[in-house]
Every structure is written in structure tokens, then in C-alpha cells.
Amino acid sequence: MPIDPPTRPVRLPPGLSLELRRGDITAQPDLDGIVNAANAALLPGGGVAGAIHRAAGPGLAAECRPLAPIRPGQAVLTGGHALPNRFVIHCLGPVYGEDEPAAELLAACYRNALALAGAHGIARIGFPAISTGIFGYPLEEAAAVAFDAILAPGAVPPGLTLIRFVLFDAAALRVHLAALHARLAPDGPAAK
């Protein structure tokens, strides 16, 4: 279903594009880096982490081993190995209802991933919906936190030209589109 672009000006830094699409985060060859919704041990696991580790091959797990464990909100960077992307940024999102303050920890994932992208010259990055799988973060709340974090003044480092949310299914895409449009509306959080 085609989506019309917002009719109001988008408050993004100059030269930055923001995309949302349904798809496989491991099949984004035009991105310099992708973000892994990791577990604390940075092991393959299931969901996004499992898919990324399967596509990257065993070298990714070997590179991750000395970087683990990480805490909720933290992010670490590795090479992409057999992925079509040069880098993987591994973020540990909060387990909803256990890791508190959940919204702050989830926002920290996005902020820390963007900071690593800036530090390593990543111009085009792809994010999944962090913490919304087995970690149980409600999709609507997670999408709101994600966009509030990346649309915050100063969140996007210079040199970043594309942020793409690669979402697993049509429902996640709809929720993220609604959250983004709410923040771009004249009376939404981005307009304040």
C-alpha cells in the first residue's frame, strides 16, 4: 500500500532521510550498518539476533564474545562479516516490565547506536523495532520512544544521511508510520 509523504515539513537535520519499510534487516545492501536487537551475551538467539548471526556467519559470534556481556541501553560495534553491510551495532533493549526505566533504556539504545554510527563514519543505518519481540515491549510504546529519541535535537550525528526502520511485518510498519506521522504533525512532539 503506497503511503503519501507527510504534507508538513519534516524536522530532520539537513541532508537526512528517514525511511520505514517492511523487510529483512539482513537484506539491506545499500546500508553501511545495521542494528542488532541483541541479547546481553551477544549470542545468536532468536528473532533479529538469530537472523543477523545466521546471515553474518560464525565470525560475528567470535567477534562478539569478548564484548559481552552488555547492559540494557548499551551498544557495541562489530564488523558485518558475511552480511552486505560493513558494520553491525548491537543494542541491548530492556525487557519490558523488568528493566527500568524501560523508556529511558530503550531511548539509550537508539542514542548510543547513533553515536557509534557517527564515530565510525556510518552514513546509512538500519534499525529493527528493538525490544518488541521476546523482550515484550509494546509496539506502539516502543515506536514512540524510538522516534522521540532519533528526532531529539542533536541526536543524529553529522554525516548520517539515512535512517531506515526495517520492520518485520505489515502491522509493525503501520504502527511505526502512525507514530512517526504523529510526531511530524503540527501539534505533535516534533513541532514543540
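None of the figures in this text is laboratory data; all of them are computed from the coordinates on show. Predicted, not measured: the structure shown is a model, and the values here were computed from it. Cβ atoms come from the backbone with ideal geometry, glycine included; neighbour counts cover every protein chain shown.
Can you sort THR26, THR161 so the residue with the fewest Cβ neighbours within 10 Å comes first? Lowest count first: THR161, THR26. In the chain, the calculated helix contribution to ellipticity at 222 nm averages -10000 deg cm²/dmol per residue, counting -39,500 (n - 2.57) for every DSSP H run with n ≥ 4. Between the range 64-107 and the range 128-144, the alpha-carbon centres lie 14 Å apart. Of all beta bridges that DSSP places with both ends in the chain, some 25 percent have antiparallel geometry.
Legend: ranking of residues SER17, SER131 from fewest to most surrounding C-beta atoms inside 10 Å; resulting order SER17, SER131.
The loop-placed trypsin sites (Lys or Arg not before Pro) in the range 109-174, going by DSSP, include none that has at most 14 neighbouring Cβ atoms within 10 Å of its Cβ. Each principal axis of the Cα atoms in the chain has its own extent, and those three values, largest first, are 47, 35, 32 angstrom. Cysteine residues of the chain whose Cβ has no partner cysteine Cβ closer than 4.7 Å: CYS64.
What ³J(HN,Hα) values, in whole Hz, does the Karplus curve 6.51 cos²θ - 1.76 cosθ + 1.60 give for the range 77-89 when θ = phi - 60°, with x put for Gly and Pro? Per residue, the Karplus-derived 3J(HN,Hα) values read 10, 9, x, x, 6, 7, 6, x, 10, 6, 10, 10, 9 Hz.
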